[in-house]
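Here the structure comes first, spelled out in structure tokens, and everything after it is commentary.
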């Protein structure tokens, strides 16, 4: 359940953006980036490559890593070759270790100048939950997955805490630059880029800012050759201009649909749909479903203040997943009242054309009234007594389908 839990923890706090968008944002704050243009067609690719001049890199723009290994990053000697490569990449279904076997369709490519690379390094900023503050990471091992470095040689990842209000200090930046082997003549340039990355991370309310690789060129300059940023959804009210960076083509259609109603939906790979209210309860629900021998197909977090219409739409979205064999509704009612949940479930179930077992466990505010509404509805809804009973009943119901 590790991957599912990670997705739940980030499901409502991160808006992913493309590499070219991240680079444009970083450049605003002084991070050096290569010259490049994003294009949507072969004709535009040829024109962009001509403007840049010389050899260029054609890079597929999708929300996933490993694009080079999947054939989504190619070097072209000239504009004509760039157009040929763009024709092959645009519209292709790019499969990487992060997309899953279904892959992602490429709708745009970045045409970018090539640079004389001397070394590939790594820079990144994430929240250190133990310290309660962001931490700046740097490694001499760039160009590979940082998780691989952390697993095999964790000592090669240098870290500096970022104090709120201070940012990454010049001393810390130079310490990191020398620590990852940047020569003295380029150390100040690298330190300035690091501090610029930290400023951008704070100003944009990013939950992740990563440059991999961060390169040192043969003439002693530094550049963000690739960039990844996730922006905090909860801070978007401060960044109205950044909302337009969202690319719905890169998101699960059901997740997009759920967001229209203020709901959070995550697709998984089992056959038991889970309707809950709260990420903590979602994790506990999935754990107990697994403990009972089942496997979650998805989960949908209705939040604390859902109304009847949201519950009805939540149900519709859950059942749009063809792999669902049974539904578990597990809610702890506080602001979200049990009778409201029950009314939404009854309305949604009454409108269902397919017969799918539904198990409900609810506790808290108006839970007794909710259970009564369900029991008197005349519908085939199983009311469970506690989480364990609910999990066992929904797993058995799914297996019987």
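Nothing in this text is a laboratory measurement; each read-out follows from the coordinates by a stated rule. These figures come from a predicted structure and were not determined experimentally. Ideal geometry is used to build each Cβ from the backbone, glycine not excepted, and the neighbour counts take in all protein chains shown.
Please arrange 115, 26 by counting, for each residue, the other beta carbons lying within 10 Å of its beta carbon, fewest first.
With the sparsest Cβ surroundings first, the list reads 115, 26.
Within a 10 angstrom radius of the beta carbon, how do 301, 385, 226, 233 rank from fewest other beta carbons to most?
Final ranking by Cβ density, sparse to dense: 385, 233, 301, 226.
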**Asked** Only one of the listed values, [x] 78, 50, 40; [y] 77, 47, 39; [z] 67, 50, 44, was derived from the coordinates as Cα extents along the principal axes in Å; which label is it?
**Response** [y]
**Request:** Rounded to whole Å and sorted largest first, list the principal axis extents of the Cα atoms in the range 35-114.
**Result:** 35, 20, 17
**Asked** Could you put 189, 374 in order, starting from the residue whose Cβ has the fewest other Cβ atoms within 10 Å?
**Response** 189, 374
**Prompt:** Over the range 35-114, what is the relative contact order in whole percent, taking alpha-carbon pairs under 8 Å and six or more residues apart?
**Reply:** 44 percent
**Request:** Give the Rg (one decimal place) followed by the Dmax (whole number) of the range 154-257, computed from C-alpha coordinates and expressed in Å.
**Result:** 16.5, 52
**Fill in**
If one compares the long axis through the Cα atoms of helix 308-319 with the longest principal axis of the Cα atoms of the chain, the angle in degrees, nearest 10, works out at 70 degrees
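Quick one: length gained pulling residue 87 to residue 375 fully straight, 0.36 nm per residue minus the C-alpha distance?
97.7 nm
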**Prompt:** Relative contact order for the range 116-249: what is it in percent, counting Cα pairs under 8 Å that are at least 6 residues apart?
**Reply:** 27 percent
**Request:** Taking every pair of alpha-carbon atoms in the range 253-399, give the share separated by more than 27 Å as a whole percent.
**Result:** 8 percent
**Prompt:** So how do 324-334, 286-296 stack up, highest first, on mean other-Cβ count within 10 Å?
**Reply:** 324-334, 286-296
**Prompt:** What whole-number value in cubic angstrom gives the convex hull volume per residue for the C-alpha atoms of the range 1-138?
**Reply:** 143 Å³
**Asked** Can you give me the relative contact order of the chain as a percent, contacts being Cα pairs under 8 Å and 6 or more apart?
**Response** 13 percent
